[in-house]
Amino acid sequence: MTPGLKYVVCVPDGCADEPVDELGGRTPLEAAHMPVLDALAARGQVGRAAVIPEGMPPGSDVGNMSIFGYDPAEFHTGRAPIEAAALGLTLAPDELAYRCNLVTVGADGTMVDFAGGHPSTESATEVIRALDAALGGEGVSFHPGVEYRHIMVAPAHWLDAECVPPHDLTDKPSVLPSGPAAPLLLALMEASKDVLAQFDLDANQIWLWGQGFQPQMPSFSEHFGLDAALCSAVDLVRGLGVLTGIDPVEVVGMSAGFDTDYAAQRDAALASLAAGADLFIIHVEATDEAGHAGDVGEKVRSLERWDAEILADLVPGLDAIGPWRMLLLPDHATPLRLKTHTSDPVPYLLVGHGIEPEPHAYTEAGVAHLDPVPGHELMARLTA
């Protein structure tokens, strides 16, 4: 840590990709018009990061934990308990959390939509409350989150099940839970169909996955000696903030979809840093959502909005506050071809006061020849 410096971490979720035929064999990072990012890369250190440790699932829980500076191999217990923390839930030692998606499954068992048509949070909350009234009890309870993302709390003996994330199954046959606890999960998933049928939503059942006990993580201020804040519309990222003492900032207009207010998130970062925060994390979900949807044009547009609506005014805004450093990288790749995450290393950028330039193109091909560094080490490099 260097006294007086301000630090910004930018996370365009899932922005790394593979060459796409519709883009002439380029990736979205190569195709997007991003002059501000190009200029930062020309004067910064561009490298390759293994945000997903070998053998771990390539999820946003693992990848964002790495970006926050915590080794997932040491601290990760599951995705759902992180999101539970964002909802203000404290799990007892004999409780665990499951992620509870509202999903749309076809009559033939195909996962039609892992996001259940993106219901409004208000509509989804009614559904989750109805599920809790109908199916809760004996240690099981349902808790509303945001849009299609919710939490089920269950007793510890429900842990032993193999569950496939629904976003890994888009347009594929559903792979149901297996293992000793699977019958318990399957009974709830089946029973949820009758509850969902009472509502006018695209979602027609729940999908349970990502289970785990609440992790014990040292606070960010103890770990790095900095007071930090963040903005994200995703409970997972907010939950990591709660677990590590990083303050989640509410931003009007922020969403987990393509319609999020990029400029409002940028302004929240600058205001927080000007008010005394040492470090701010800006997380935007849109690029990941585009990858899951297989929407080439939207993924390119989301990257260009990052450049025009966040980075373009973020840099002069930081200059006005004082010396600064920035770390920019996604938490994983979400290739449009696959519509799900991969463990591939991703490009990272370190730029700002005291950073020795090692310029490369900020693209997958631009860093392909570089040895990847562990993703959880980059926060220490940023603040060193």
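Only the coordinates and a few stated rules stand behind these numbers; no lab work does. Note that the coordinates shown come from a computational prediction; the quantities given were computed from them, not determined experimentally. In this analysis, Cβ positions are derived from the backbone assuming ideal geometry, glycine residues included, and neighbour counts consider all displayed protein chains.
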So the FRET efficiency between ALA271 and ASP319, C-beta based with R0 = 25 Å and rounded to 0.05, is 0.95
Once both label points are put 7 Å beyond Cα along the C-beta direction, the THR121-ALA187 separation in nm becomes 3.4 nm
Taking r as the C-beta separation of ASP259 and ASP94 and R0 as 41 Å, the FRET efficiency to the nearest 0.05 is 0.50
Given trypsin sites (Lys or Arg not before Pro), DSSP loops and at most 14 other Cβ atoms within 10 Å, the longest exposed-site-free stretch of the chain is 44-336
Counting all Cα-Cα pairs in the range 27-86, those more than 15 Å apart amount in percent to 62 percent
Asserting the computed 222 nm helical MRE of the chain (DSSP H runs at least 4 long, -39500 (n - 2.57) per run, divided by residue count, to nearest 500) equals -9000 deg cm²/dmol
With label points set 7 Å from each Cα along the Cα-to-Cβ direction at ALA361 and ARG43, the distance between them in nm comes to 2.2 nm
The lysines whose Cα lies under 27 Å from the Cα of LYS193, excluding any fewer than 8 residues away in the same chain, are LYS172, LYS339
Once normalised by the length of the chain, the mean sequence separation of its alpha carbon contacts under 8 Å that are 6 or more apart gives a contact order in percent of 33 percent
Summing +1 per Lys or Arg and -1 per Asp or Glu among the other residues with Cβ less than 13 Å from ALA277's Cβ gives -2
With DSSP loop assignment and no more than 11 other C-beta atoms within 10 Å, the GluC sites (Glu not before Pro) in the range 164-260 are GLU250
Computed curve, the range 233-384, Cα-only Debye sum without solvent term, log₁₀ I(q)/I(0) at 0.11, 0.14, 0.17 Å⁻¹, is -0.46, -0.78, -1.21
Cα extents of the range 84-212 per principal axis, largest first, Å, are 37, 32, 24
Computed about the Cα centre, the charge dipole of the chain from +1 Lys/Arg and -1 Asp/Glu charges at the Cβ has a magnitude in debye, to the nearest 20, of 460 debye
Computed curve, the range 224-311, Cα-only Debye sum without solvent term, log₁₀ I(q)/I(0) at 0.16, 0.20 Å⁻¹, is -0.63, -0.91
Amide H proximity to VAL284 below 5 Å, modelled H, separation 5+ or other chain, gives VAL11, ASP13
Rounded to whole Å, √(5λ) for the Cα gyration tensor eigenvalues of the range 1-42, largest first, gives 30, 12, 7
Between the residues ILE355, ILE206, LEU185, the Cα farthest towards the positive end of the dipole of the chain, that dipole coming from +1 and -1 charges on the beta-carbon of Lys, Arg, Asp and Glu, is from ILE355
Here the relative contact order (percent) of the range 84-212, from C-alpha pairs under 8 Å and at least 6 apart, is 35 percent
Stretched fully, the stretch from SER178 through VAL36 gains (0.36 nm per residue minus C-alpha distance, one decimal, in nm) 46.4 nm
Normalised Cα Rg of the chain, dividing by 2.2 N^0.38 Å with N its residue count, works out at 0.96
log10 I(q)/I(0) for the range 32-144, Debye formula on C-alpha points only (no solvent), q = 0.11, 0.13 Å⁻¹, two decimals, reads -0.60, -0.78
Among GLN216, GLN205, GLN45, the residue with the largest mean-square fluctuation in a Gaussian network model of the chain built from Cα contacts under 10 Å is GLN216
The answer for GluC sites (Glu not before Pro) in the range 104-177 that fall in a DSSP coil and have at most 13 neighbouring Cβ atoms within 10 Å is GLU138
